[in-house]
Every structure is written in C-alpha cells, then in structure tokens.
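Have a look at the structure below, then the notes.
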Amino acid sequence: MEKWICRTCGTHFAPSEKQPEGCPICLDERQYVWYNGQQWTTLAQMREDGFHNEFREHEPHLIGIGTIPTFAIGERALLVQNEQGNILWDCMSLLDDETVAGIERLGALTAIAISHPHYYSTMVEWADRFNVPIYLHEADHQWVMRPSERIRFWSGDSYRLAEGMTLIRLGGHFSGGTVLHWEAGADGKGALLSGDIIQVVSYRRWVSFMYSYPNLIPLPAAEVQRIRDTIEPYQFERLYGAWFERVVMQDAHDVVMRSAERYIRALERVGR
Ligand SMILES: [Zn+2]
Ligand SMILES: [Zn+2]
C-alpha cells in the first residue's frame, strides 16, 4: 500500500494498492492536469528528489515555510506563534525530519487550519506527526482525499480558533474558502492570512478574487461584494497571501476594500 501525492496540486491520497485513477482536485475546473498527464509521487520520492523546506520569518511570531525547489502549486505555510500554542496556517506536501525539528524549535504546535483544498496537501501526515487537529470548513468536505479523525469540520461564518485568532469563511474561490484573522499581527494592528481566497497580485497595493486562478475564471460581482462586506468589520494592517512574496505590508484593509470595488466596476463595464 502506498499513499500517492498528486504532483500538480500536492494532495496526498488515502493508502491504495495502485495509483488513483485521477486527482479530483486537478480534474475540477479550478485546477488543471498537465499536458503530459497525471503524475504521482510519494513523500519518500520527494525526499530522494532533493526537495527541502525553507523557513523565513515574515515578522515577529510569523514564520513562512516553503518547499525548494517549488513543488505543486508552490504551497507556503505560515506558522503563527501564539501564547496558547502555535498554529500552522495552510499546509504543504513535503514533511521531513528537518521540518519537524524546525517546527518543534518554534514551540508546541496545537492546531492546523487550512484555507481551501489547494492547501490540503499532506495535512493528515502533519497532524499525525504533531498529534494535532486540522480545522477545515465543512462546505469543502468533498475535497478531502485522505480522511482522518484528526479533521474537525467547522460550520457557519466564523470560528474562534484561539484567543485573537479567528477563522472567517469568505467562500468565493471555494465554497468553504477561509481566511485567518490574527489580531496581534503587524504590531497589534492586525493581520489577515488569506491564502488565495484573497489573492495578492504583482503590484502589492492590490488584491484580487477569482473562481479559478490558473484558468482565469472570475467570480460574479455579487460574490465579490459579499466577500468585501464579510471582511469589512475586521481590522488588519497587513495581508499575507499564498506565497512568500505576496504580502500587502500596510493599509491592507483599505487595499481589500478598493480592490473589491475596482473588480465590481470592471465586471459592470462588461456588456455595456
Ligand atoms: Zn491534483
Ligand atoms: Zn486555490
């Protein structure tokens, strides 16, 4: 029995004798299958191929962890150091002894929370290794490819993960699309950890919102308006997107508000 990893999205599948028929996450219209067909690997193979993880401090108590060379979507996790225990936001495929030691050095991990299925990766492997629960929004339960008792599905629009740490369901890119509001972030001005539920674009004074990023499928104006209105009451100065360089360093709340308004205006021009 082997647990296969999809090379395109990084998702770990439940143990099987043969490789899975296909990857439902990549066959979905929000992802893609490479032109050379579905490719699989394993954790052991990844370690043999020379992948390793790099830790980078974004700001005090916030450490980014990414795989080198880039693997799958280029998933980068964020570890938030919290007095009540550390939280891993989003996840990535490669887990090795060096990474475990690096995370343990940062303090006790108490939970994993994930924005959407493109970051489910090898989450169960991580949860088993650190003996912690994984928080996922129940609206995306169909995308879990390796079920586990570690997974706790939450429902509704928000969930208090710990003191000053709130999961907020924004939907959009995925029905259960979640962001993490960290009150103590950015020197107490607040930070939003958004994955690509809110996507930081190349010019980091703007963000965007898409149903599919690789296939360039937009969201309806009403959905962007709803995302804007849902996040509006939260205070945050900084926004951490899906990759190391995708960070809005200041005025992030304002950036999200005016980016949503620009997006809606652009959609309303169509057909005129
Ligand atoms: Zn896949
Ligand atoms: Zn995504």
*Count, please, the residues in region 159-187 that happen to be more than 16 Å from ligand 2 (Cβ to nearest atom) and closer than 17 Å to V247 by Cα.*
7
*Among the residues of region 1-19, count how many are touching a residue at least 40 places away in the same chain (Cβ under 8 Å) and assigned to a loop (DSSP other than H, G, I, E, B).*
8
*Hey, does region 202-209 have a residue that's more than 21 Å from R238 (Cα to Cα) and out of contact with any strand residue (DSSP E or B) (no Cβ under 7 Å at 6 or more places or on another chain)?*
no
*Residue, nearest to A44 (Cα to Cα), within region 110-134, restricted to residues that are in contact (Cβ under 8 Å) with a residue 12 or more places away in the chain and surrounded by fewer than 21 Cβ atoms within 10 Å (Cβ to Cβ)*: E125
*S121: more than 19 Å from A14 (Cα to Cα), touching a Gly at 6+ places or on another chain (Cβ under 9 Å), at pLDDT 95 or above and among the small types (G, A, S), yes or no?*
no
_Among the candidates S155, S202, S194, residue that is among the small types (G, A, S) and under 17 Å from the mean Cα position of the chain (by Cα)_ = S194
*When region 53-95 is examined, which residues are found to be more than 24 Å from G190 (Cβ to Cβ), in contact with a helix residue (DSSP H, G or I) (Cβ under 7 Å, 6 or more places away or on another chain) and free of Cβ contacts under 8 Å to residues at least 60 places away in the same chain?*
N53, L94, L95
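The values are calculated or read from the model by the stated rules, or taken from the named source; none is laboratory data. Keep in mind that this is a model prediction, so the values were computed, not measured. Note: ideal-geometry Cβ built from the backbone for every residue, glycine included; neighbour counts use all protein chains shown.
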